[in-house]
Amino acid sequence: MTTSLFPNMKKAILIIFLLALCHSLFSQEWTVQIETGNTWALNDVISVDNGESALCMGCTSNKHGLLVKINKDGEHIDRLVHPQGMILNYFSAVELNNGNYMVFGVCDDSLCDPYYQRYIRVDVFDSELEPINSRTFSVEDEAFDCFYVITGMLLNSILSPSGTVILAAAPAYQVEEYGYYRRALQLYELDEELNILVKKSLPTYYASSIEEITYEPHSDNLLMAVEGGDFLSSTGVPGIYVVDMGFEVVSRKNLNKVQGGYGYEVDPIYEISTDGNWIDDDRLILHANKIQLNRRTTFYYSSLYVIDSALNVYDELRLPPYDSTAWMPWGTSTAYIDDSTIFAITYCAEWLYADIYQANVILVDKHLNLLGRKAFRDDEFLFRPGQPAAFNDGGCLVPMLTRRGTNEPGALEFQGMLMKFRREDIEITWDVVEENSATPPLSPYPNPTTGIINIPLPEAVADNARILLFDAVGVKCLDSVVGQEGNLIRLDTGNLASGLYLYRIVAGSRMVAEGKFVKD
């Protein structure tokens with residue numbers, strides 16, 4: 001293990017070699033390969049030390065807990081944690097007011113089934129990742145009387161205004177008479193000495209898991225993005241719930257409201273999250289994975305929303321790619337740098353059993369104007385980004401997981417890579433991925449529309465590009481400059497009469513795109 005944030009000469013040479021090797025492929029400021037262990041998962045990343053560094057947490061393929069702290073220059077330290085006779089996977093962490101880090105994971109006897117674990121592990125490390133304190137809570141402990149960890153388990157934590165730590169978990173309890181496990185939903189408050197101060201069990205019909213938690217900007221209430229909505233199972237409608245300081249539910253709303261309709265009228269949202277950063281005092285970016293059902297085949301895609309704490313919607317952006325390359329998005333996450341630089345990271349497969357996967361580093365501003373995209377695809381890599389984190393120099397840390405080898409026993413290896421992107425250092429371009437000829441071209445959405453129509457473009461255009469709009473008989477209804485750079489035009493059709501419209505996007509004498517839409 002490296003013991004300082006200043007690497008020795010050998011590690012410095014390795015980083016330089018990796019930078020030279022990967023620069024042409026990735027086109028970002030730097031890339032660092034995680035050298036410790038055979039990485040299996042990087043579950044979360046948080047900014048620490050006022051944005052000077054980031055802390056990554058996860059596990060290796062043999063289920064050792066893995067922590068990596070990396071600063072904005074790419075210098076890093078790592079820590080492998082292997083409790084005697086136990087398997088361990090880290091999921092969440094917070095930076096305490098004293099500069100230490102409290103890290104949460106789940107563990108069990110290494111001979112047990114790793115998908116049914118019975119212990120929660122809490123570790124405290126100093127700024128150099130040296131261990132300070134540790135505690136393992138068993139399912140037999142009164143505080144964790146229903147803590148069985150099953151597949152899809154999530155832990156989320158946040159530092160409270162008073163300096164205590166709030167842990168949100170969705171453990172399970174065993175229904176002995178029937179022999180199966182059922183989800184629970186619990187909130188815990190811990191002090192810096194790892195003592196549990198408060199435990200609260202929420203009604204199980206509220207949600208099946210808590211994806212993210214943050215504090216509302218004008219109160220001490222917690223805002224939680226949850227799975228399961230008003231239903232018992234995780235297949236229910238996701239929602240936003242608010243709890244007060246005593247962990248009592250103040251309000252809850254499912255996400256049908258975000259889309260302005262009933263479930264059968266809109267594309268279902270099956271997963272949501274947020275990075276918890278508030279913009280303009282009362283705006284939050286919400287990530288949503290959705291299913292478009294009004295096609296011959298099921299189509300999955302990701303969208304971003306700008307909402308406030310009351311779930312009022314201010315902006316919406318459907319993220320690229322817009323076709324079959326996004327058959328199965330594995331989640332979307334954002335890192336807020338400033339009002340004009342927000343990184344959205346998506347990972348998706350071309351189809352269900354594809355050998356080639358794709359990662360998209362997408363740049364938007366606070367109004368969700370699409371500024372550009374860098375797409376990564378390679379036969380040798382399995383890109384599976386984790387939650388990004390912002391550095392204080394305008395950079396964004398994106399954890400990637402790569403796959404090398406075959407599926408033969410012992411031949412498949414996973415390696416973690418940490419990649420930094422910064423708007424000031426690189427120009428993230430559209431970089432359209434070569435699509436299958438059978439896939440449809442970029443299409444405006446929603447179509448038909450009653451208000452805003454989003455027109456995706458195959459390339460970025462300058463703000464002096466023009467949009468021409470014609471009605472069904474060829475009468476020109478609009479000839480106007482686009483007014484902003486990017487790859488998405490948002491056109492307000494509120495003043496248009498119902499009917500069919502044709503559009504053309506031109507840059508100088510060159511036509512960039514054309515298409516049609518229906519105004520209801």
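The values are calculated or read from the model by the stated rules, or taken from the named source; none is laboratory data. This is a predicted model, so every value here is computed, not measured. Cβ coordinates were reconstructed from backbone atoms using ideal geometry, including for glycine residues, and neighbour counts include every protein chain displayed. For accessibility, only protein heavy atoms count, side chains too; no ligands or nucleic acids. Shrake-Rupley method; radii C 1.70, N 1.55, O 1.52, S 1.80 Å.
Quick look at the numbers
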item	result
Residue match in the range 118-127 (condition: modelled with pLDDT under 65 and more than 22 Å from the chain's Cα centre (by Cα))	no
Criterion (at pLDDT below 95 and open to solvent by 50 Å² or more (accessible area, probe 1.4 Å)) met by exactly one of Leu88, Leu111, Leu155	Leu111
Subset of the range 31-53 [part of a strand (DSSP E or B) and more than 16 Å from the chain's Cα centre (by Cα)]	Thr31, Val32, Gln33, Thr39, Trp40, Val48, Ser53
Filtered residues of the range 346-380 (kept if at pLDDT below 75 and either in a loop (DSSP other than H, G, I, E, B) or crowded, with 24+ Cβ neighbours inside 10 Å (or both))	Glu350, Trp351, Leu352, Tyr353, Ala354, Asp355, Ile356, Asp378, Asp379, Glu380
Among the residues listed as Phe343, Phe383, the single one being touching a strand residue (DSSP E or B) at 6+ places or on another chain (Cβ under 7 Å) and either surrounded by fewer than 20 Cβ atoms within 10 Å (Cβ to Cβ) or at pLDDT below 85 (or both)	Phe383
Yes/no for Thr439 being surrounded by 12 or more Cβ atoms within 10 Å (Cβ to Cβ), at pLDDT below 75 and not in a strand (DSSP E or B)	yes
All strands (runs of 3 or more DSSP E) inside the range 242-323 with 2 or more residues being within 22 Å of Leu370 (Cβ to Cβ) and modelled with pLDDT of 80 or more	269-273, 283-292, 299-307, 313-318
Test: residue in the range 23-32 that is crowded, with 19+ Cβ neighbours inside 10 Å, farther than 20 Å from Met400 by Cα and modelled with pLDDT of 70 or more	no
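Table: residues versus (1) open to solvent by 40 Å² or more (accessible area, probe 1.4 Å); (2) touching a residue at least 12 places away in the same chain (Cβ under 8 Å); (3) among the charged types (D, E, K, R); (4) part of a loop (DSSP other than H, G, I, E, B).
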residue: Asn447; (1), (2), (3), (4): yes, yes, no, yes
residue: Asn454; (1), (2), (3), (4): no, yes, no, no
residue: Pro458; (1), (2), (3), (4): yes, yes, no, no
residue: Leu469; (1), (2), (3), (4): no, yes, no, no
residue: Val473; (1), (2), (3), (4): yes, no, no, yes
residue: Leu488; (1), (2), (3), (4): no, yes, no, no
